[in-house]
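What follows is a single structure, written as structure tokens, with notes after it.
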Amino acid sequence: MKNAPIEASLLLVDDDPAVIQVLNKILSDYSSVRFATSGADALRLARESLPDLILLDAQLGDMSGLEVCESLKADPALANVPVVFVSSHQEAELEVAVLKLGAVDFIRKPFNGPQVIARVDTQLKLKRLADDLRLLSRVDALTRLGNDRAYEETLRRESLRAVEAQGPVAAVRFEIDFFEAFESTYGAKATAEALRAVAKALRHQLLRPGDVAFRLGRAAFGLVLPDTTGADALAVANRLLRVVEALDIPHHASTVSRHLTLSAGIASFEGTQATEIAHDGIAPALDQTALAALAQAQHDGWAQANLGTAAGGLPPVGAATPA
């Protein structure tokens, strides 16, 4: 009885169909093995569906394997895909050159089947470990929401997408009201439980797959809402404020409610709006606008949401609008 296929997506790149056939046979235990016979096809296939590993011939008809590797490493979406070079050349200089480009290994032709499998398995294990570490570096340990780094990356990506699509994007900043008083009153354990409950409520109340919640500090949370106007983001924020208060977490040290509450600041940007700000500056300006709106909500009486006016060079997104 044949074992279940090993879950991994491999991309074989060689302009010799005979070599592709040999490698395909050696690597037949993997769940997905695609192939390309040119550098251009390799880049296209890699972008269409991200592979776990690329085996790349050093010599191709349309471009060299080194040029393909340079293109892969220059693309942020593909830069972390491990590349193993394959070649019939024996010169040490070639091996040194490809490793300097960022390749992870070098396999010489003719192939030794068990050696190829062992090297591929090793690089796949290392990639999974690296992926896990990258994920952990973007996740808040207590709440399992994305952290500040993930928020910044997501907001930047969605802001650039809004410009390209000529559509809206919104950012929301939340903060637990009178958090220090809550912590000193109820202690570390109850505070951790409250933070997890708020995080769970925010995550589960988001209705669209593209909407993402983050934890951005001891008492702070955030949302990135693609394809969302300021008015719609304000409605989302107000709904979440009600959901969190309905958790019925006691907060007798609060001056605005018997229960734990949030305040919120919202900022939005329309990709159709003319702006002199550089595209990479849209996300920071959105965040600063949301933070300013949050401060205004707290100033106006806490436990409410505020839609901010523009900051940092962004076009106006609407007047301050307390809920």
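The values are calculated or read from the model by the stated rules, or taken from the named source; none is laboratory data. Bear in mind the structure is a predicted one, so any value in this text is a computation, not a measurement. No Cβ is skipped: glycine too gets one built from the backbone with ideal geometry, and neighbour counts run over all protein chains shown.
When you go through VAL19, VAL13 one by one, which is the residue that is touching a residue at least 12 places away in the same chain (Cβ under 8 Å), touching a helix residue (DSSP H, G or I) at 6+ places or on another chain (Cβ under 6 Å), at negative phi and crowded, with 19+ Cβ neighbours inside 10 Å?
Checking each option against the conditions leaves just VAL13.
Let's see how each residue does on (1) among the charged types (D, E, K, R); (2) over 20 Å from ASN306 (Cα atoms); (3) outside the structural domain of PRO284 (by TED's automatic domain parsing):
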{"position": "VAL169", "(1), (2), (3)": "no, no, no"}
{"position": "ARG196", "(1), (2), (3)": "yes, yes, no"}
{"position": "LYS200", "(1), (2), (3)": "yes, yes, no"}
{"position": "LEU207", "(1), (2), (3)": "no, yes, no"}
{"position": "LEU216", "(1), (2), (3)": "no, no, no"}
{"position": "GLY222", "(1), (2), (3)": "no, no, no"}
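Tally time: how many residues in region 224-260 are β-branched (Val, Ile, Thr), touching a helix residue (DSSP H, G or I) at 6+ places or on another chain (Cβ under 8 Å) and either in a loop (DSSP other than H, G, I, E, B) or outside the structural domain of VAL172 (by TED's automatic domain parsing) (or both)?
Qualifying residue count, region 224-260: 2.
For ALA201, are the conditions met, namely being surrounded by 15 or more Cβ atoms within 10 Å (Cβ to Cβ) and under 25 Å from ARG144 (Cβ atoms)?
Values: surrounded by 15 or more Cβ atoms within 10 Å (Cβ to Cβ): yes; under 25 Å from ARG144 (Cβ atoms): yes.
Yes.
For region 64-82, does any single residue satisfy the condition of being assigned by TED's automatic domain parsing to the domain that holds ARG128, surrounded by fewer than 17 Cβ atoms within 10 Å (Cβ to Cβ) and over 31 Å from the mean Cα position of the chain (by Cα)?
yes
Would you mind telling me which numbered condition in (1) more than 25 Å from the chain's Cα centre (by Cα); (2) closer than 19 Å to ALA197 by Cα ALA220 fails?
Tallying (1) more than 25 Å from the chain's Cα centre (by Cα); (2) closer than 19 Å to ALA197 by Cα, ALA220 fails exactly one: (1).
What are the residue pairs meeting all of these: first residue in region 100-117, first residue more than 15 Å from VAL19 (Cα to Cα), second residue of a type in the set (Asp, Glu) and assigned to a helix (DSSP H, G or I), Cβ atoms under 8 Å, and 6 or more apart or on different chains?
LEU101/GLU70; PHE106/GLU95
Would you check if ASP105 is surrounded by 12 or more Cβ atoms within 10 Å (Cβ to Cβ), within 22 Å of ILE26 (Cβ to Cβ) and either out of contact with any Phe, Trp or Tyr (no Cβ under 7 Å at 6 or more places or on another chain) or at pLDDT below 85 (or both)?
Details: surrounded by 12 or more Cβ atoms within 10 Å (Cβ to Cβ): yes; within 22 Å of ILE26 (Cβ to Cβ): yes; either out of contact with any Phe, Trp or Tyr (no Cβ under 7 Å at 6 or more places or on another chain) or at pLDDT below 85 (or both): yes.
Judged against the criteria, ASP105 is a match.
Would you confirm whether or not region 176-198 contains a residue that is within 19 Å of the chain's Cα centre (by Cα) and either farther than 19 Å from GLY265 by Cβ or touching a residue at least 24 places away in the same chain (Cβ under 8 Å) (or both)? If you could, list the steps in order and put the result at the bottom.
Step one: list which residues in region 176-198 are within 19 Å of the chain's Cα centre (by Cα), which gives none.
Among the residues of region 176-198, not one is within 19 Å of the chain's Cα centre (by Cα) and either farther than 19 Å from GLY265 by Cβ or touching a residue at least 24 places away in the same chain (Cβ under 8 Å) (or both), which makes the answer no.
For region 212-244, give me each residue that is surrounded by fewer than 20 Cβ atoms within 10 Å (Cβ to Cβ) and of a type in the set (D, E, K, R).
ARG218, ASP227, ASP232, ARG239, ARG242, listed by residue number.
Name the residues in region 89-110 that are within 15 Å of VAL13 (Cβ to Cβ) and either of a type outside the set (A, V, I, L, M) or assigned to a strand (DSSP E or B) (or both), would you?
Answer for region 89-110, where residues must be within 15 Å of VAL13 (Cβ to Cβ) and either of a type outside the set (A, V, I, L, M) or assigned to a strand (DSSP E or B) (or both): ASP105, PHE106, ILE107, LYS109.
Can you find a residue in region 57-74 that is aliphatic (A, V, I, L, M) and without any contact (Cβ under 8 Å) to a residue 12 or more places away in the chain?
Yes: region 57-74 contains one or more residues that are aliphatic (A, V, I, L, M) and without any contact (Cβ under 8 Å) to a residue 12 or more places away in the chain.
Please enumerate the residues belonging to region 166-191 that are assigned to a helix (DSSP H, G or I), out of contact with any Asp or Glu (no Cβ under 6 Å at 6 or more places or on another chain) and surrounded by 14 or more Cβ atoms within 10 Å (Cβ to Cβ).
Within region 166-191, the subset assigned to a helix (DSSP H, G or I) is 179-191.
Remaining after also requiring out of contact with any Asp or Glu (no Cβ under 6 Å at 6 or more places or on another chain): 179-190.
Selection gives PHE179, ALA181, PHE182, GLU183, THR185, TYR186, ALA190.
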